[in-house]
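Participant: The structure that follows is given in the form of structure tokens.
The values are calculated or read from the model by the stated rules, or taken from the named source; none is laboratory data. Quick caveat: nothing in here was measured; it's all calculated off a predicted structure. Glycine also receives a Cβ, built like all others from the backbone with ideal geometry; neighbour counts cover every protein chain displayed.
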Amino acid sequence: MKVKLSQAVKMFFSNSSLEMVYIEAIANALDANATEININMSAKALNQPATLQIEISDNGEGFTDDRYKRFSNLFDVDESSHKGLGRLVYLCYFEDIKITSFFDKTKKRTFNFSESFEENEFVVNNTEERTSGTIIKMTNYSLQKIAKGTYLEPHCLKQRILEEFYARLFQLKKQRSLVRIMIDSTIEGKRINALIENNDIPEFTATELKSSLNLIDKFDLFYSIKEVEPRDTSFIAAITVDNRTVKVDLISDENLPVGYEMVFLLYSEYFVGKIDATRQSLTISPQEFKDVQNLFRKEVVSLIESKIPKIKQRNKDVKKNLINQFPHLSGYFDTQNIGYISHNDILKKAQDKFFKEQKEILSATSLNDEQFNKSLELSSRALTEYILFRQLTIERLKKSNASNSEAELHKLFVLMRKEGKFDKENSVDDLYRNNAWLLDDKYMTYETIFSDREMGELIQAITDEEEISDDNRPDIALIFSNNPENKKPFDVVIVELKKRGLSLEENMKVVTQLEKRARKLMKYYNNQIQRIWFYGIIELNEDVETQLAGEYTELYSSGKIYYRETNVAISLNPKVLLPIGVFIWDLDAVVNDADARNSAFLNLIKSKFIQ
């Protein structure tokens with residue numbers, strides 16, 4: 001039965017990469033007992049993929065009749081560790097592949113390998129006696145672009161080849177076989193080369209892992225840890241399968257110890273044959289892989305911390321910072337892997353555990369004593385999470401400066417152009433959307449909040465009048481009542497906000513704006529409205545304070561806040577004057593007051609979680 005190569009390529013190598021061309025060629029060369037392998041790449045430019053040519057030569061046994069026969073038939077292999085598919089990857093990238101092979105001292109075989117390849121389309125000639133070997137020349141690149149420049153960069157390619165063949169090259173080194181792989185690249189006329197030889201293969205130390213994964217097969221770890229220049233920092237952890245390696249993610253890049261070259265290779269009969277046809281993935285279950293990964297990481301972590309003591313202290317500091325920053329997740333962190341898996345993954349796993357326990361408690365129809373105590377703990381953690389969220393908002397306000405627009409500051413207090421109705425079912429989400437608590441924690445329980453909306457909409461919400469025409473826009477307006485469902489008179493808070501760095505005249509406009517709002521709203525005082533608070537939030541300086549000092553009284557605050565009572569006229573005929581109270585509040589004082597209140601909560605809660 002013949003196999004259509006074009007279909008086989010799509011079926012088995014749909015997720016390939018250009019580096020696999022080199023990997024498969026090297027694997028075949030080593031199978032042919034080659035000790036010298038040369039990779040030559042050239043292209044006019046990376047953005048001219050059609051000019052790319054790759055030539056890979058070796059001094060192996062060559063395409064003897066037997067080897068050619070196996071090459072011509074997919075899946076025809078001489079060992080169970082071989083898959084018989086690797087050569088297909090060439091066809092993913094090149095349309096023209098010319099193979100010239102010398103064998104049996106005086107014979108030369110030439111043929112073209114393509115999607116229309118036929119076994120009998122080859123030529124064998126006699127030549128003068130010479131060393132055996134094979135040359136594979138690939139031209140006519142078939143894709144529109146080269147995905148990564150690193151695929152043609154010798155030093156990057158060297159690292160990738162080592163990752164793939166550490167196990168096999170280590171075995172050859174132990175057998176005292178000298179193997180050299182020369183990598184040469186000429187791109188845009190610039191030539192770069194790299195060399196892999198026995199000295200690149202470290203002297204590994206072996207240790208047996210204690211494992212309950214498999215009662216029959218043992219797991220051996222070969223490792224090397226040595227100091228290098230910081231620029232040469234590298235880390236490889238891989239499972240060896242059928243003389244090849246499969247990388248395992250054990251340590252995130254952000255946590256790699258700088259200044260060390262580390263290689264960890266895991267061997268076991270357990271893995272023999274457990275890899276897919278393209279050698280890209282292990283054919284074990286996700287849970288099996290997770291168990292292997294945990295076993296592998298545990299041993300690697302132990303070795304690193306024993307060989308590099310400062311890493312252990314670094315990880316203790318990381319743990320301390322995590323708990324200090326996220327105290328509500330204390331006890332949920334995967335402490336064994338802190339400093340090894342990524343910061344985000346540590347947080348996500350802890351958060352997932354937290355949510356899972358919350359869900360279990362909330363789903364319970366009744367609580368026993370243990371569950372009740374757990375519910376109290378989870379409630380404390382949830383409160384801590386919210387207090388931490390508030391602290392992030394406070395820190396952003398602290399960092400604001402004159403370059404921040406009024407709109408940017410406004411959004412930190414409440415989203416602009418939004419109207420938020422009090423909703424018992426969504427009250428928790430509402431707490432995270434609007435930060436009226438920055439003014440005072442009592443403002444967290446508003447019934448309705450208007451942000452940069454027309455005055456007419458505000459009055460309509462208070463009075464239930466159908467249409468009010470007034471397009472003035474208070475920055476923030478909050479409406480309160482004892483119960484959103486009854487018709488008792490409302491409390492109203494009006495806030496005008498100015499950005500930092502304004503002149504005295506621009507800042508003092510806030511007083512005029514507040515009095516203008518008061519003139520509109522005081523018509524409803526002692527009727528639909530029972531109390532009104534007017535706040536102007538600006539950046540105070542000496543000029544502004546001097547202006548305020550004559551008529552305003554300074555109040556207690558962690559910063560500066562001034563207050564004055566004045567009369568506003570709500571009509572001329574008859575003349576009606578009503579008193580209002582106006583607060584002029586320094587933006588830094590708002591932030592510092594909120595910070596002081598929030599920090600008191602945060603420090604109290606942290607003391608319960610951090611031991």
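Participant: Yes or no: the range 533-547 includes at least one residue that is small (Gly, Ala, Ser), outside any helix (DSSP H, G or I), out of contact with any Lys or Arg (no Cβ under 6 Å at 6 or more places or on another chain) and more than 23 Å from HIS410 (Cα to Cα).
Facilitator: Checked against the condition, which is being small (Gly, Ala, Ser), outside any helix (DSSP H, G or I), out of contact with any Lys or Arg (no Cβ under 6 Å at 6 or more places or on another chain) and more than 23 Å from HIS410 (Cα to Cα), the range 533-547 yields no hits at all.
Participant: Residues of the range 33-47 being aliphatic (A, V, I, L, M) and touching a helix residue (DSSP H, G or I) at 6+ places or on another chain (Cβ under 7 Å), which ones?
Facilitator: ILE37, ILE39, MET41, ALA43, LEU46
Participant: On to the next question. Hey, can you tell me all the residues within the range 252-266 that are closer than 17 Å to LYS298 by Cβ, in contact (Cβ under 8 Å) with a residue 60 or more places away in the chain and either among the aromatic types (Phe, Trp, Tyr) or not in a strand (DSSP E or B) (or both)?
Facilitator: Across the range 252-266, the qualifying residues are SER252, ASN255.
Participant: Please find, within the range 100-126, the residue that is modelled with the lowest pLDDT out of those that are farther than 18 Å from ARG67 by Cβ and not charged (D, E, K, R).
Facilitator: So, considering only residues that are farther than 18 Å from ARG67 by Cβ and not charged (D, E, K, R), the one modelled with the lowest pLDDT is SER116.
Participant: Look through the range 341-357, keep the residues that are of a type in the set (D, E, K, R) and over 13 Å from the mean Cα position of the chain (by Cα), and return whichever of them is modelled with the lowest pLDDT.
Facilitator: If we take residues in the range 341-357 being of a type in the set (D, E, K, R) and over 13 Å from the mean Cα position of the chain (by Cα), then GLU357 is modelled with the lowest pLDDT.
Participant: Which residue out of VAL591, VAL568 is crowded, with 18+ Cβ neighbours inside 10 Å and at pLDDT 85 or above?
Facilitator: Numbers: VAL568 fails: at pLDDT 85 or above.
Checking each option against the conditions leaves just VAL591.
Participant: While we're looking at this one, here's another question. With the range 375-494 as the region, which helices (runs of 4 or more DSSP H) entirely inside it contain at least 3 residues that are modelled with pLDDT under 75 and more than 30 Å from ASN324 (Cβ to Cβ)? Reasoning before the result, please.
Facilitator: Details: elements: 406-413, 427-433, 455-463.
In the range 375-494, 455-463 are the helices (runs of 4 or more DSSP H) which contain 3 or more residues that are modelled with pLDDT under 75 and more than 30 Å from ASN324 (Cβ to Cβ).
Participant: Now, a different point. Hey, among LEU555, LEU497, LEU514, LEU577, which residue is modelled with pLDDT under 90 and in contact with a His (Cβ under 7 Å, 6 or more places away or on another chain)?
Facilitator: Residue meeting the stated conditions: LEU497.
Participant: Please verify whether GLU115 is in the same structural domain as GLN48 (by TED's automatic domain parsing) and free of Cβ contacts under 8 Å to residues at least 60 places away in the same chain, treating the condition exactly as stated. Show your work before the answer.
Facilitator: Working: in the same structural domain as GLN48 (by TED's automatic domain parsing): yes; free of Cβ contacts under 8 Å to residues at least 60 places away in the same chain: no.
For GLU115, the condition - in the same structural domain as GLN48 (by TED's automatic domain parsing) and free of Cβ contacts under 8 Å to residues at least 60 places away in the same chain - is not met.
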